[in-house]
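A.B. asks: Here it is, the structure, as structure tokens.
The values are calculated or read from the model by the stated rules, or taken from the named source; none is laboratory data. Bear in mind the structure is a predicted one, so any value in this text is a computation, not a measurement. Cβ sites come from the backbone with ideal geometry, for glycine too, and all protein chains shown count toward neighbours. Quick note on the areas: whole protein, heavy atoms, side chains included, nothing else; ligands and nucleic acids left out. Shrake-Rupley method; radii C 1.70, N 1.55, O 1.52, S 1.80 Å.
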Amino acid sequence: MVSAGVESLEWLTAAQRRTDESVFVPIGSNGFFTEGKEKARFDQQPIEASATIAACLSTYRLMGEERWLEEAEKVFQWFLGKNDLQVSLYDATTGGCKDGLHPDRVNENQGAESTLSYLMALLELQAAKVASAHKLDQEMSVTL
């Protein structure tokens, strides 16, 4: 089951990257991704990024492979402007998160689902980094 789950996540993360490999592009909700058809590019929503981050970090905790922590960090950058429109969805003034990306603009609404998606992703990523640093500290103290 673990192998099938990791294989599925590898497929999903590959399907949600731009061709340059460094930009997360969630499958849009305006058509989704039907087998044999082109995936929808828009409307991109924060819940997709948050769920992908959660899946990557769960896999990181399970497998201990740094590539999953790195993938989660790449996906998180989508919130901060490394996306198709090069616009931050996180609003530092309000603490909220905009509702998503349309082909020509950001959805300025800052609903609860989007803001919670951002905050959950942020907290989970920070917790993973703290745990990783703690593990490294323990390993270094044992080797000294």
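A.B. asks: Under a Cβ-Cβ cut-off of 12 Å, what is the net charge of the residues other than PHE32 that fall near it, where Lys and Arg count +1 and Asp and Glu count -1?
C.D. replies: Summing Lys/Arg as +1 and Asp/Glu as -1 gives -1.
A.B. asks: Then there's this: Going down the list LYS39/LYS129; LYS37/LYS98; LYS39/LYS74; LYS37/LYS129; LYS82/LYS129, which pairs span over 27 Å between their C-alpha atoms? Before the final figure, lay out the partial values.
C.D. replies: Working: LYS39/LYS129 32 Å; LYS37/LYS98 29 Å; LYS39/LYS74 20 Å; LYS37/LYS129 38 Å; LYS82/LYS129 20 Å.
Violating the 27 Å limit, Cα to Cα: LYS39/LYS129; LYS37/LYS98; LYS37/LYS129.
A.B. asks: A follow-up question, please. Extent of the chain along each principal axis, from alpha carbon coordinates, in Å, largest to smallest?
C.D. replies: So the three principal-axis extents are 55, 42, 26 Å.
A.B. asks: I want the local charge near GLY81. Using Cβ-Cβ distances under 12 Å, sum +1 for each Lys or Arg and -1 for each Asp or Glu among the other residues.
C.D. replies: In short, 0.
A.B. asks: Further, regarding this structure: Can you compute the helix-only [θ] at 222 nm over the chain? Use -39500 (n - 2.57) per DSSP H run of at least 4 residues, normalise by all residues, nearest 500 deg cm²/dmol. List each step's numbers first, then the result.
C.D. replies: Details: 4 runs with 75 residues, N = 144.
That calculation yields -18000 deg cm²/dmol at 222 nm.
A.B. asks: Using just the alpha carbons, could you tell me how many Å³ per residue the convex hull of segment 45-107 encloses?
C.D. replies: On the way: hull volume 5.0 nm³, N = 63.
With only Cα atoms used, segment 45-107 gives 79 Å³ per residue.
A.B. asks: A further question on this structure: Counting only other residues whose beta carbon sits under 10 Å from that of PRO103, what net charge do I get with K and R as +1, D and E as -1? Working shown, then result.
C.D. replies: On the way: positive: ARG41, ARG105; negative: ASP43, ASP84, ASP104.
Local charge sum for PRO103: -1.
A.B. asks: Might you work out the accessible area of VAL106 for me, using a 1.4 Å probe with all protein chains in place, and round it to the nearest 10 Å²?
C.D. replies: 20
A.B. asks: Right, next: What percent does the relative contact order of segment 17-144 come to when contacts are Cα pairs within less than 8 Å and at least six residues apart? Before the final figure, lay out the partial values.
C.D. replies: Values: 187 pairs, mean separation 27.8, N = 128.
Normalised by residue count, the contact order of segment 17-144 is 22 percent.
A.B. asks: Mean Kyte-Doolittle of at least -0.5 plus a Cα span of 27 Å or more along the axis: flag which DSSP H helices in the chain meet both, please.
C.D. replies: Correct list, ordered by number: 112-143.
A.B. asks: Another one. Take every Cα-Cα distance within segment 4-68, group them into 5 Å bins from 0 onward, and report for each bin the whole-number percent of pairs it holds.
C.D. replies: Taking all Cα pairs of segment 4-68, the binned fractions are 4, 17, 25, 27, 17, 8, 3, 0 percent.
A.B. asks: For segment 68-144, compute Rg over Rh where Rg is the Cα radius of gyration and Rh is the Kirkwood radius from the inverse mean 1/r over Cα pairs.
C.D. replies: Details: Rg = 16.1 Å, Rh = 14.0 Å.
On the Cα set of segment 68-144, Rg over Rh gives 1.15.
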